[in-house]
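S.K.: Sharing a structure here in structure tokens format.
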Amino acid sequence: MNEYGIWILALAVGYTLILIGAGQLAQRKLSSKDSYFVAGRNFNKWIVAFCITGLFSGSTYISILELSYLTGVSAIWYGVAEMVQIFIIAFLIIRSFRKKMMVTVTGMIGKKFGRKALGISSLITAFAFPMWSVATAIAFASAIHVFTGISLTLSVAITALLLFVYLQGGGMWSVAFTQTINMVLFAAMFIIGLIAFFINPGVEGLVAYATERPMMMDFGGVGIQVIVAWFGTFLVNVILAQAAFQMALSSQTPEEGQKGMVLAGFMAIPFIVCGVLFGIATAVVVPNAQAGLIAIPQYLMEVLPAPLVGIFFLGVWACALGWGAPCQFSGATSLGRDFGRAVRPLATEAQLVKYTKYSLLLLTFLMIGFGMLRTEQSAWWNVLAWTIRNSATFAPVLAALFWPVVTNKAVVASLLSGFSSGLLWYYLGDWQPGAFYLEVHPVWVGSSINLLTIVFVTLLDRKAEWFIQTGQAARYGYAALGAGVALTGVNIIFFEGLHQSGLIGLFGFAAIISYFIAVIQLFRPLEEKAQWTTKETVQQQS
């Protein structure tokens, strides 16, 4: 172990003690119902902003570091897509969800569609979150590995155990305290990174590199299909971002939650800009590393003394924890609180908190197990997590929000069909995180099957009570149907080009979304029929 390793471990141990203390302090805040799960709805806009920034921007920063090392400035679109997601959640979703006093997405599914749907959705969601946690933890584990020789697997295990120690005590208050402390480390990380950049390569070195490697300075260098996939993934995630919802819905009022989300959107900017700058600077100085996250510590060792490098990577660890802590806690909430209610509907609040603490321990071991199975590819775990969670819960959430016709049987069928089809498609592509079967991302396949299943099972289910809406009231349905037909035509006419560019899955999914919107507009619950008939009669008489 060299001097850099000693500094990183010393700082990490000190920070660990601070977080454990924060967890103990957070326990004192557990004074009311739902204090453990949503902090008693007591967050102000700044706490919400810090929580969301640590969650989204911390993980985005790590991804951009890797992406910009490989593809250059085009990695900025990943961050822009993340910002778009935050602002959409802020302006269109968070106030409505806060007014409903929602805790989790899986809880909303269960409230609308019954215990069986609650149990299945909560299990799928719970086991997806440790996959995202381990994917981001790999960033800090890479630095530990380079500087100390400790294996990546053991480094991930250390991160997982730390998350468990301070989360199980104070729940959502522990998340809030940690994310607030992390903001200080983020600022220090950016300052140290900028110092490293101006030392080497500096502005002159960056200009020279742009001349030698112009593709690295091309904003479209990563490819339009990848950029579109980033935006598509974040847009689909808008209604499924459970960890973000749980933190933002801990706000004192809907307005505070919305303001906090907006602040977090603007706070994302330095993470995006610095991530791109540091990644490209690393490519200039260390051009042939086996991976971007391995190259970053090698770059910093060449230009900075050990204490500064240690503080920089403490900031990277804060990014990993800023994503991992909400993910682990939200996954444990789905497993302990929601699955617990599915199995024991009469369980008390104290029992649900106990189940959630047990679930945190289980997800900790699961995160360590995932790290042992595959630590070298963070993208692999990200794709798997997106696939199983989004493919299963996308249609049920839309149905819970917009389509009262849906039956419990249809939701259960869509959960299982979306989950299994997305997983099967990933398998058919030999589990490759960057090259998919027939050039179609498994999320598009799983989510499409998810939507189609919920529609067909609902319309064929005898328990579903619906009528076909016509006339002026159906105009939006007709427009959506027209859009679906147009997109289907585009898929057929331009199939070869779309397939070669990797966009056929996204355009196909867009067509199915259009048909789904048409269906929910045209097939309405039977109780609305009398209302529309009366309204049309009044309009005709007037």
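The values are calculated or read from the model by the stated rules, or taken from the named source; none is laboratory data. No experiment lies behind these values; they were computed from the predicted model shown. Heads up, the Cβs are rebuilt from the backbone with ideal geometry, glycines too, and the neighbour counts pull from every protein chain shown. With ligands, DNA and RNA removed, areas are computed over all heavy atoms of the protein, side chains included. Shrake-Rupley method; radii C 1.70, N 1.55, O 1.52, S 1.80 Å.
S.K.: Pull out a ≥ b ≥ c, the square roots of the eigenvalues of the alpha-carbon gyration tensor of region 386-537, then state rounded if a/c is under 1.5, prolate if not and a/b is larger than b/c, and oblate in the remaining case.
M.R.: Numbers: a/c = 3.54, a/b = 1.62, b/c = 2.18.
Oblate shape, in that a/c is at least 1.5 and b/c is the bigger or equal ratio.
S.K.: Another question, if that's okay. Can you find, among A474, A486, G331, the residue farthest towards the positive end of the dipole of the chain? Put +1 on the C-beta of Lys and Arg, -1 on that of Asp and Glu.
M.R.: Farthest towards the positive pole: A474.
S.K.: Here's something else I'd like to know. What is the extension gain from E349 to V207, computed as 0.36 nm multiplied by their sequence separation minus the C-alpha to C-alpha distance, in nm to one decimal? Each step should come with its number before you reach the end.
M.R.: On the way: separation 142, 0.36 × 142 = 51.12 nm, distance 5.97 nm.
That pair, E349 and V207, stretches by 45.2 nm at full extension.
S.K.: Here's another thing I want to ask about it. Compute the Cα gyration tensor for region 65-132, then decide on rounded, prolate or oblate, letting a ≥ b ≥ c be the square roots of its eigenvalues: rounded whenever a/c is under 1.5, prolate when a/b is larger than b/c in the other cases, and oblate in all that remain. Present the calculation step by step, with values, prior to reporting the outcome.
M.R.: Details: a/c = 4.63, a/b = 1.73, b/c = 2.69.
It is oblate, given that a/c is not under 1.5 and a/b is not larger than b/c.
S.K.: Another one. As a test of understanding, state the convex hull volume per residue of region 389-474 from its alpha carbons, in Å³.
M.R.: Numbers: hull volume 9.5 nm³, N = 86.
So the per-residue Cα hull volume is 111 Å³.
S.K.: If you don't mind, another one. Calculate, in nm to one decimal, what L17 and V165 gain on full extension: separation in residues at 0.36 nm each, minus their alpha carbon distance. Don't jump to the answer; show the numbers that get you there.
M.R.: Details: separation 148, 0.36 × 148 = 53.28 nm, distance 1.03 nm.
Extra length available between L17 and V165 comes to 52.2 nm.
S.K.: How much of the accessible area of the chain, in percent, comes from carbon and sulfur atoms when a 1.4 Å probe is used?
M.R.: Working: 14360 of 21440 Å².
Whole-percent figure for carbon plus sulfur exposure: 67.
S.K.: Specify whether the C-alpha gyration tensor of region 272-323 places it in the rounded, prolate or oblate class, a ≥ b ≥ c being the square roots of the eigenvalues: rounded for a/c under 1.5, otherwise prolate if a/b is larger than b/c and oblate if not. Working shown, then result.
M.R.: On the way: a/c = 1.74, a/b = 1.25, b/c = 1.39.
The shape class here is oblate.
S.K.: Now, a different point. Given Cα positions, please report Rg to Rh for region 226-298, the hydrodynamic radius being the Kirkwood one. Intermediate results must be reported in sequence, preceding the final value.
M.R.: Values: Rg = 17.1 Å, Rh = 15.2 Å.
Reported Rg/Rh (Cα atoms, Kirkwood Rh): 1.13.
S.K.: Tell me which of V406, F419, S448 sits at the most positive position along the dipole axis of region 386-495, charges placed on C-beta atoms (Lys, Arg +1; Asp, Glu -1).
M.R.: Toward the positive end, the furthest listed residue is V406.
S.K.: What are the residues whose amide H is under 5 Å from the amide H of W466, where those residues sit 5 or more places off or on another chain and H is modelled from the backbone?
M.R.: L526
S.K.: Another question, then. Using alpha carbons only, how many degrees (0 to 90, rounded to 10) separate the axis of helix 442-460 from the longest principal axis of the chain?
M.R.: Once rounded, the angle reads 20 degrees.
S.K.: For the chain, what is the charge dipole size about the Cα centre, in debye to the nearest 20, if Lys and Arg each add +1 at the Cβ and Asp and Glu each add -1 at the Cβ?
M.R.: Values: 29 positive and 21 negative charges, 474 e Å.
Charge dipole, the chain, about its Cα centre: 2280 debye, nearest 20.
S.K.: Next up: Return the long-range amide H neighbours of V222 (sequence gap of 5 or more, or a different chain), with a cut-off of under 5 Å between placed amide H atoms.
M.R.: The answer is S74.
S.K.: Give the accessible surface of the chain per residue, rounded to a whole number of Å², with probe radius 1.4 Å and ligands, DNA and RNA excluded. Mind showing how you got there, number by number?
M.R.: On the way: 21440 Å² over 542 residues.
That works out to 40 Å² for each residue.
S.K.: Rounded to a whole number, what is D in µm²/s for the chain from Stokes-Einstein with the Kirkwood radius over alpha-carbon pairs (4 °C, 1.567 mPa s)? Don't jump to the answer; show the numbers that get you there.
M.R.: Working: Rh = 24.1 Å.
Translational diffusion coefficient: 54 µm²/s.
S.K.: Now for a different question. Check which residues have an amide H placed less than 5 Å from S251's amide H, if you skip close sequence neighbours.
M.R.: F43
S.K.: Need one number: nm distance between label points at L438 and F266, each 7 Å from Cα along Cα→Cβ, rounded to one decimal.
M.R.: My value for the distance between the label points is 4.7 nm.
S.K.: For helix 58-71, what angle does its Cα long axis make with the longest principal axis of the chain, in degrees from 0 to 90 and rounded to 10?
M.R.: Long axis of 58-71 versus the principal axis of the chain: about 70 degrees.
S.K.: Something else: Once all Cα-Cα distances of region 447-530 are split into 5 Å bins that start at 0, what whole-number percent is in each one?
M.R.: Histogram of Cα-Cα distances, whole percents per bin: 3, 15, 20, 20, 17, 11, 7, 4, 2, 0, 0.
S.K.: Would you mind computing, in nm to one decimal, how far apart the modelled labels at V238 and L428 are, each placed 7 Å from Cα along Cα→Cβ?
M.R.: It works out to 2.9 nm between the two label points.
S.K.: Which angle between 0 and 90 degrees, to the nearest 10, do you get for helix 76-88 versus the longest principal axis of the chain when only C-alpha atoms count?
M.R.: That helix lies at roughly 50 degrees to the long axis.
S.K.: Find how much the distance from F467 to N288 grows on full extension, using 0.36 nm per residue of separation minus their present alpha carbon separation; answer in nm with one decimal. Numbers along the way, then the final one.
M.R.: Values: separation 179, 0.36 × 179 = 64.44 nm, distance 6.29 nm.
Result: 58.1 nm gained on full extension.
S.K.: In addition: With the crude spin-label approximation of a point 7 Å out along Cα→Cβ, what separation in nm comes out for E496 versus E527?
M.R.: About 5.4 nm separates the two model spin labels.
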